[in-house]
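So the structure is just underneath, and the comments pick up after that.
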Amino acid sequence: MNNKARTKKISRIVYIIIIAAALLLFLHERSGIQQNDTGTELSASEKGEVISVHYIDVGQASCTLILAGDNRILIDAGTYSSTDKVREYLADLGVQGEDALDLAVFTHPHSDHIGGAVLVMKKALPKEILLAEFPEELTPTGTSFENLLKFSDERDIPISMAQSGMEYRFRVGEKEAVLTVLGPVIPLDSGLNGNSIVCRLDYGNASFLFPGDATSDEEETLIDSGCPLKADVYQVSHHGSYDANSRKFLEQVSPKYAVISCGADNDYGYPHKVTMERLADAVKIKVLRTDLNGTIVVATDGERYEYRTEKGE
């Protein structure tokens, strides 16, 4: 082989290597995987001491599943129309049958949060249900809520009423995860949204905040209470509505990741422009959206984070 041919062959090999590297990088980015600090997969952590939070894409609604060791916690259940998707998603993860859920938290009785509750629970029965208390004049009378109460009574599932400061502790290998109820702090007359259950999950140095549809009024009571709001992963309140996620509240939470549960081209215009501007003004927040990214999964070993998205980014 002459020098010219050898040079041409080497150039082709270099070109192939460059293309292969670029393809691998593209696939890595499209997979929606965020490597942790060491560049290793969290799933390789010893003793399986990893928890994962699944923000399931249920359109213009909300449904979140927490897997913590052998413990399973559901926060809201989407709409009636999203029931099949939620049940299939849970079944794929082995979350089905008697006592499949250690806890089912229903942040407030609007149909986009509890519309699918009964049908989901029929396939994945919880050991306990957590509900919010409301001022008497706001007592829910909708069919979804009444069916939920009837189902829990028929299946003898205990219902607890959320009180600020309540804790649920779950073993994860040799570690412990804690789900703490932060709100409602006090009953408010600002509707069912303003009396949403707000809870946070702590695992090692990792933290997640789940505010339901809490409005800015409820956010103010949380701030005034002095409860711990700082969290690395924040499920943006009320699907990104302008009536929540105040600048003051976002400053208190100061998240690294913000997850928005909303439907594509929804009638409400969620997430609202002002909310996206507030998130953009806060530096170094990675924003993920179910309408754009599909189902979002964030995992942590208590120190590092990794996220995956169904549709990439």
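Considering the stretch 275-307, the residues that are surrounded by fewer than 14 Cβ atoms within 10 Å (Cβ to Cβ) and of a type outside the set (Lys, Arg) include one that is farthest from His239 (Cα to Cα), namely Val283.
Taken together, the residues in the stretch 187-204 that are touching a strand residue (DSSP E or B) at 6+ places or on another chain (Cβ under 9 Å) and either crowded, with 24+ Cβ neighbours inside 10 Å or farther than 15 Å from Ala258 by Cα (or both) amount to 9. For the criterion of being over 16 Å from Ser62 (Cβ atoms) and touching a helix residue (DSSP H, G or I) at 6+ places or on another chain (Cβ under 9 Å), Tyr305 passes.
Among Asp213, Asp202, Asp189, which is the only one that is closer than 18 Å to Leu65 by Cβ, of a type in the set (D, E, K, R) and in the same structural domain as Thr107 (by TED's automatic domain parsing)? Even if it seems obvious, please write down each step before you answer.
Working: Asp213 fails: closer than 18 Å to Leu65 by Cβ; Asp189 fails: closer than 18 Å to Leu65 by Cβ.
The match here is Asp202.
Against the conditions (1) within 30 Å of Asp301 (Cβ to Cβ); (2) in contact with a strand residue (DSSP E or B) (Cβ under 8 Å, 6 or more places away or on another chain); (3) not hydroxyl-bearing (Ser, Thr, Tyr), Gly173 satisfies every one except (2). For the stretch 207-256, a tally of residues being among the aromatic types (Phe, Trp, Tyr) and within 18 Å of Val178 (Cβ to Cβ) returns 3. Regarding the stretch 91-102, can at least one residue be identified that is under 24 Å from Asp213 (Cα atoms) and surrounded by fewer than 20 Cβ atoms within 10 Å (Cβ to Cβ)? Yes, there is a match, as at least one residue in the stretch 91-102 is under 24 Å from Asp213 (Cα atoms) and surrounded by fewer than 20 Cβ atoms within 10 Å (Cβ to Cβ). Please verify whether the stretch 274-287 includes one or more residues that are assigned to a loop (DSSP other than H, G, I, E, B), in contact with a Pro (Cβ under 9 Å, 6 or more places away or on another chain) and under 18 Å from Cys199 (Cα atoms). Within the stretch 274-287 (the criterion being assigned to a loop (DSSP other than H, G, I, E, B), in contact with a Pro (Cβ under 9 Å, 6 or more places away or on another chain) and under 18 Å from Cys199 (Cα atoms)), the answer is no, since none of the residues qualifies.
Looking for something aromatic (Phe, Trp, Tyr) and surrounded by fewer than 24 Cβ atoms within 10 Å (Cβ to Cβ) - is there at least one such residue anywhere in the stretch 105-116? Spell out the reasoning first.
Quick first cut of the stretch 105-116, residues aromatic (Phe, Trp, Tyr) only: 106.
After this cut, where a residue has to be surrounded by fewer than 24 Cβ atoms within 10 Å (Cβ to Cβ) as well, the list is none.
No; the residues of the stretch 105-116 include none that is aromatic (Phe, Trp, Tyr) and surrounded by fewer than 24 Cβ atoms within 10 Å (Cβ to Cβ).
Here Glu174 fulfils each of the conditions (1) surrounded by fewer than 23 Cβ atoms within 10 Å (Cβ to Cβ); (2) closer than 29 Å to Tyr307 by Cβ; (3) modelled with pLDDT of 95 or more; (4) not basic (Lys, Arg) apart from (3).
Could you tell me whether the stretch 253-270 includes any residue that is aromatic (Phe, Trp, Tyr), surrounded by 22 or more Cβ atoms within 10 Å (Cβ to Cβ) and in a strand (DSSP E or B)? Steps first, please.
Of the residues in the stretch 253-270, the ones aromatic (Phe, Trp, Tyr) are 257, 268, 270.
Then keep just the ones that are surrounded by 22 or more Cβ atoms within 10 Å (Cβ to Cβ); that gives none.
So far as the stretch 253-270 goes, no, none of its residues is aromatic (Phe, Trp, Tyr), surrounded by 22 or more Cβ atoms within 10 Å (Cβ to Cβ) and in a strand (DSSP E or B).
Given the structure, is Thr79 buried (at least 22 other Cβ atoms within 10 Å of the Cβ), modelled with pLDDT of 95 or more and polar (S, T, N, Q)? Let's see the steps before the verdict.
On the way: buried (at least 22 other Cβ atoms within 10 Å of the Cβ): yes; modelled with pLDDT of 95 or more: yes; polar (S, T, N, Q): yes.
Yes: the conditions hold for Thr79.
Beta carbons closer than 8 Å, at least 6 apart along the sequence or on distinct chains, pair a first residue in the stretch 290-308 that is over 15 Å from Cys262 (Cα atoms) with a second that is β-branched (Val, Ile, Thr) and not in a strand (DSSP E or B) for Ala299/Val50; Thr300/Val50; Asp301/Val50; Arg304/Thr38; Glu306/Ile33; Tyr307/Ile33; Arg308/Ile33. If the condition is being within 27 Å of Glu167 (Cα to Cα) and either touching a residue at least 60 places away in the same chain (Cβ under 8 Å) or not in a loop (DSSP other than H, G, I, E, B) (or both), then the stretch 67-86 contributes Leu67, Ala68, Gly69, Asp70, Asn71, Arg72, Ile73, Leu74, Ile75, Asp76, Val86.
Of everything in the stretch 87-102 that's assigned to a helix (DSSP H, G or I) and free of Cβ contacts under 8 Å to residues at least 24 places away in the same chain, which residue is nearest to Val172 (Cα to Cα)? Step through it out loud before you land on a result.
First pass over the stretch 87-102, keeping only residues assigned to a helix (DSSP H, G or I): 87-92.
Those left that are additionally free of Cβ contacts under 8 Å to residues at least 24 places away in the same chain: 88, 92.
On the way: Glu88: 25, Asp92: 21 Å.
Selected residue: Asp92.
The values are calculated or read from the model by the stated rules, or taken from the named source; none is laboratory data. Quick caveat: nothing in here was measured; it's all calculated off a predicted structure. Please note: Cβ atoms are built from the backbone with ideal geometry, for glycine as well, and neighbour counts cover all protein chains shown.
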